[in-house]
Amino acid sequence: MNQWQGVLLSLVGIISTVWLGITGQLGLYIHPRYFVFTIIMAVIAAVLVVVAFAVVPRPSDEEAILDTGGRRGRWLWSAGSVLIIVAAVVTLLVLPPSTLTSATVKQRDLNGSASTLTQAEASGLIGGDYAAFTVRDWSSLLRQGAGEDFFADKTATVTGFVTPDKSDPENVFFVARFFVSCCAVDAQPIGIPVYYPGWQDEFKTDSWVTISSGFKMNPSAISDEQIVLVPDAITPTERPAEPYVY
C-alpha cells in the first residue's frame, strides 16, 4: 500500500509538470530557459518511478501492519495518504496556476539591485529604442539615477499590475511586474512609480493596467520617488499570458 501511495504522489507531480508545459503555463513557475530541461527530467522521473516500483520488493502484509502500528495505524496512514494525494491533485491539476501579487511585493525589495539592470547595462540602454523598453528597463534607469533632463522627452508604454507606493499610497502607485531569473521562488518585484491621485477609486490593487505617459518630477510632497509617470488616462487590461519579465 505504501508503495502505491508513493507512486501516485510522484505521478501527480510528474503529470502536473508535463501538463503545465503543454498548456504553456510552466512560465508561471520557472524561467523559459529551463522548460526543455524540466520536461526531460519529468519524463526521466516517470521512468524511474515505474522501474523502482517494479524492482523494489514489496513488504508482506504482516510486515506492513507491524510497520504502521497495527490495523488502526495502517488505516490512519492510508487515510492520510489519500488526503495528501487528493490535495496534490486539486492544487496541481484542478486549481488554475496563480501569479505573484502585491502580497509578495511587501515581502521583497521593490526595484532592488537583484531585479534591476546593472549600471553598465542601464547605461547601454541610452540611445536605444525607447518604445520597446520594458518595465525593467525604465525602472533600472530610474534606480541608476538618470536625471529629469533625460526623461523630459521620453514616453513609456508599459503594462503591469497595480501595487501601492509605501510612502504615499493615496497618490502614487507602481505599475509593476516580477523579474524571474530562475523560478518564481526567487522572483523580484520591479516597477515604475505613477502619480495618479485617487487611483484606488478606479483600480484595485493587483489589477492589471496599461499606461502610456511621459515622466515628470513627482508632485507628491511625501513620496520617496523623485520622477514618476503622470498619465492623463490609464487603461485596464487583462493579465498577459507571460506576466513575468526575464
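The values are calculated or read from the model by the stated rules, or taken from the named source; none is laboratory data. Only a predicted model underlies this, so the values are computations on that prediction, with no experimental measurement involved. Cβ: placed from backbone, ideal geometry, glycine included. Neighbour counts: every protein chain shown.
Residues in region 179-186: is at least one more than 15 Å from residue 136 (Cβ to Cβ) and either modelled with pLDDT of 95 or more or among the aliphatic types (A, V, I, L, M) (or both)?
Yes: one or more hits.
If you check residue 92 against the conditions, is it of a type in the set (A, V, I, L, M), closer than 30 Å to residue 187 by Cβ, surrounded by 15 or more Cβ atoms within 10 Å (Cβ to Cβ) and at pLDDT 60 or above?
The answer is no for residue 92.
Of everything in region 187-202, what is part of a helix (DSSP H, G or I) and either in contact with a Pro (Cβ under 8 Å, 6 or more places away or on another chain) or touching a residue at least 12 places away in the same chain (Cβ under 8 Å) (or both)? Give them in sequence order.
Result: 199, 200.
If residue 116 meets every condition in (1) modelled with pLDDT under 85; (2) more than 30 Å from residue 24 (Cα to Cα); (3) surrounded by 15 or more Cβ atoms within 10 Å (Cβ to Cβ) apart from one, which number is that one?
(2)
Would it be correct to say that residue 239 is part of a loop (DSSP other than H, G, I, E, B) and in contact with a Ser or Thr (Cβ under 9 Å, 6 or more places away or on another chain)?
When the stated conditions are applied, residue 239 passes them.
Against the condition surrounded by 12 or more Cβ atoms within 10 Å (Cβ to Cβ), outside the structural domain of residue 186 (by TED's automatic domain parsing), at pLDDT 80 or above and part of a helix (DSSP H, G or I), how does residue 18 come out, does it pass?
So residue 18 passes the test.
List every residue pair whose Cβ atoms sit under 6 Å apart, with the two residues 6 or more apart in sequence or on different chains, where the first one lies in region 119-133 and is on the phi < 0 side of the Ramachandran plot and the second, anywhere, is in a loop (DSSP other than H, G, I, E, B).
Taking only residues 6 or more apart or on different chains, the pairs are 119/144; 122/144; 130/154.
Only one residue in 170, 225, 202, 148 is of a type in the set (D, E, K, R) and within 15 Å of residue 111 (Cβ to Cβ). Which one?
225
Identify, please: which residue in region 189-243 is in contact with a helix residue (DSSP H, G or I) (Cβ under 7 Å, 6 or more places away or on another chain) and of a type in the set (D, E, K, R) and is, among those, modelled with the lowest pLDDT?
242
Among the helices (runs of 4 or more DSSP H) contained in region 106-172, which hold 3 or more residues that are among the acidic types (Asp, Glu) and more than 22 Å from residue 243 (Cα to Cα)?
So the answer is none; nothing clears 3.
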